[in-house]
1. Output wanted: per-residue J couplings in Hz (rounded whole) for region 49-61, from phi through Karplus 6.51 cos²θ - 1.76 cosθ + 1.60, θ = phi - 60°, x for Gly and Pro.
2. Go through the chain and name the GluC sites (Glu not before Pro) that are in a DSSP coil and have 10 or fewer other Cβ atoms within 10 Å of their Cβ.
3. Measuring from the lowest to the highest alpha carbon on each principal axis, how far does the chain reach, largest first, in angstroms?
4. At 1.4 Å probe radius, can you tell me the per residue accessible area of the chain in Å²?
5. Explain nothing, just the number: dipole magnitude of the chain about its Cα centre with +1 on each Lys and Arg Cβ and -1 on each Asp and Glu Cβ, in debye rounded to the nearest 20.
6. Relative contact order for the chain using alpha-carbon pairs under 8 Å, separation at least 6, rounded to a whole percent?
7. Ignoring any ligand, DNA or RNA, what whole percent of the accessible area of the chain comes from carbon and sulfur when the probe is 1.4 angstrom?
8. Can you list the HN-Hα couplings for region 23-34, worked out from phi with the Karplus curve (6.51, -1.76, 1.60; θ = phi - 60°), rounded to whole Hz and with x for Gly and Pro?
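The values are calculated or read from the model by the stated rules, or taken from the named source; none is laboratory data. Being a predicted model, the structure only gives us computed values, none of them experimental. All Cβ positions, glycine included, derive from the backbone under ideal geometry; neighbour counts span all protein chains shown. Surface accessibility is based on the protein's heavy atoms, side chains included, excluding ligands, DNA and RNA. Shrake-Rupley method; radii C 1.70, N 1.55, O 1.52, S 1.80 Å.
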Amino acid sequence: MSKYVCSSKDSNVWHLPPEAVAQQTFQTEEEAIQWFKQKYPERNLDFSGYEFDGNYYKNYVSDSKTELGYINQRP
């Protein structure tokens, strides 16, 4: 079963302790999308759809002005 790990510009999972990463890890894609919507409630979010970056499938999150982060889909 896949897991979905959220990483934003200000809470990049590669720079967080394991406890914080666990709070940004979800069982469903819908939960991961909700995490971004709660983090950026005032923004109109766009999700790119999953693209393989050589290591993981990533769904990039942005608004009309800037990239905000991504969701990693991990097996």
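1. x, 7, 10, 7, 9, x, 10, 9, 8, 10, 10, 6, 10
2. Qualifying residues, ordered by number: 42.
3. 30, 25, 21
4. Here the per-residue accessible area is 65 Å².
5. The dipole of the chain has a size of about 80 debye.
6. Worked out over the chain, it gives 36 percent.
7. Working: 2350 of 4870 Å².
Roughly 48 percent of what the probe reaches on the chain is carbon or sulfur.
8. For region 23-34, the Karplus-derived couplings read 6, 10, 10, 10, 7, 10, 5, 4, 5, 5, 5, 4 Hz, x marking Gly and Pro.
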